[in-house]
Each structure stands twice: as structure tokens, then as C-alpha cells.
1. Across the range 14-26, what is the total count of residues that are surrounded by 14 or more Cβ atoms within 10 Å (Cβ to Cβ) and under 18 Å from Tyr73 (Cβ atoms)?
2. Output the residues belonging to the range 40-70 that are more than 24 Å from Arg11 (Cβ to Cβ), of a type in the set (Val, Ile, Thr) and at pLDDT 90 or above.
3. Would the range 33-52 turn up any residue that is touching a helix residue (DSSP H, G or I) at 6+ places or on another chain (Cβ under 8 Å) and not hydrophobic (A, V, I, L, M, F, W, C)?
4. State the number of residues belonging to the range 1-26 that are in a loop (DSSP other than H, G, I, E, B) and of a type in the set (A, V, I, L, M).
5. Picking from Val44, Val29, which residue would you name as being outside any helix (DSSP H, G or I), surrounded by 12 or more Cβ atoms within 10 Å (Cβ to Cβ) and aliphatic (A, V, I, L, M)?
6. Any residue at all in the range 44-57 that is closer than 22 Å to Ala17 by Cβ and of a type in the set (A, V, I, L, M, F, W, C)?
7. Answer yes or no: is there a residue in the range 54-69 that is under 14 Å from the mean Cα position of the chain (by Cα) and either touching a residue at least 12 places away in the same chain (Cβ under 8 Å) or on the phi > 0 side of the Ramachandran plot (or both).
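The values are calculated or read from the model by the stated rules, or taken from the named source; none is laboratory data. Since the model is a prediction, treat every value here as computed from it, not as a measurement. Don't worry about glycine lacking a Cβ; one is built from the backbone with ideal geometry, like all the others, and counts go over all protein chains shown.
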Amino acid sequence: MLVSIPSPLARVIAIGAELGAALQRKAAVLNRERVIEMTQPRWVCDASATFRDLNFTPSHPTSVGVAETAEWYRKAGWM
């Protein structure tokens with residue numbers, strides 16, 4: 001499930017994440033620089049030509065990889 005949030009709210013959340021991480025002496029998983037990257041308009045990538053040229057097929061769908069990564073982050077205490 002994807003949740004869309006307004007950019008200003010994302011910046012506020014990032015500031016909170018940075019402050020919380022600083023208090024714990026850890027690196028913030030989400031920070032203001034990442035929000036800037038994530039909120040760029042038309043920030044897309046189509047790798048289909050590369051896949052075709054290299055005869056590459058991913059071992060599993062992106063949705064599965066994202067879910068596995070999120071689960072790993074949760075188990076590691078990063079989320």
C-alpha cells in the first residue's frame with residue numbers, strides 16, 4: 001500500500017526523524033535531503049531497454065523486494 005503525503009508534511013516528519021535520531025546518536029533513516037530527492041517532479045526511471053539489451057530478468061518483482069526490505073528494516077529496528 002502506498003500512501004501519498006504532501007511535501008511540507010514530509011519535511012516536518014524528516015525534521016522529527018533527524019531530531020529523534022540525534023537524541024539516540026544514530027543516523028536518521030529519513031532526513032530533509034532524502035525528502036528533497038523523493039519529491040522531485042518526474043523522477044522516474046525506465047530500465048526496460050537495459051533489461052532487454054542485457055537479457056536480464058529480475059529474480060522477483062520490485063513489490064516483493066520493497067516488502068522484504070521493509071521487513072528487514074523493522075527487524076533491525078530501523079523502522
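1. So the answer is 4.
2. The answer is Thr50, Thr57, Val64.
3. Within the range 33-52 (the criterion being touching a helix residue (DSSP H, G or I) at 6+ places or on another chain (Cβ under 8 Å) and not hydrophobic (A, V, I, L, M, F, W, C)), the answer is yes, since at least one residue qualifies.
4. Qualifying residue count, the range 1-26: 4.
5. Testing whether each residue is outside any helix (DSSP H, G or I), surrounded by 12 or more Cβ atoms within 10 Å (Cβ to Cβ) and aliphatic (A, V, I, L, M) leaves just Val29.
6. Looking through the range 44-57, none of the residues is closer than 22 Å to Ala17 by Cβ and of a type in the set (A, V, I, L, M, F, W, C).
7. no
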